[in-house]
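Values quoted throughout were computed directly from the atomic coordinates according to the rules given, and no laboratory measurement underlies them. Keep in mind the model is a prediction, meaning the values are calculated, not measured.
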Amino acid sequence: MKILNVLTLVLVIVGGLNWGLVGLLNFDLVAAISGTGLVLTRIIYVVVGLSAAWQIAPIVSALASNDTAAGHAR
C-alpha cells in the first residue's frame, strides 16, 4: 500500500507541475510528450486525477490523527 501511496503522490506532483507550466508558459508537457488529442493523453490525465483522489485518504487520516505529515503510519 505504501508503494501505491508514493506512486500516486509522484503523479499528483507531476500533474501539479504540468498545470504550473500551463499557467505560466501556456505549455502542456503531457500533451507535448504524448500528443495532443490522443487517447493516451486523456488516459494520463485520468490516472493523475485518480491519483489525486487516492491521496485524499492519507490527508484525512493524518488530520484525524493530528499527524503533521500526510502518509505517516502510526
Q. Here are several values of percent of Cα pairs over 17 Å apart: [x] 63; [y] 52; [z] 57. Which one was derived from the coordinates shown?
A. [y]
Q. If a helix is a whole DSSP H run, which ones in the chain reach 24 Å or further along their own axis (Cα) and hold a mean Kyte-Doolittle hydropathy of at least -1.0?
A. 2-25
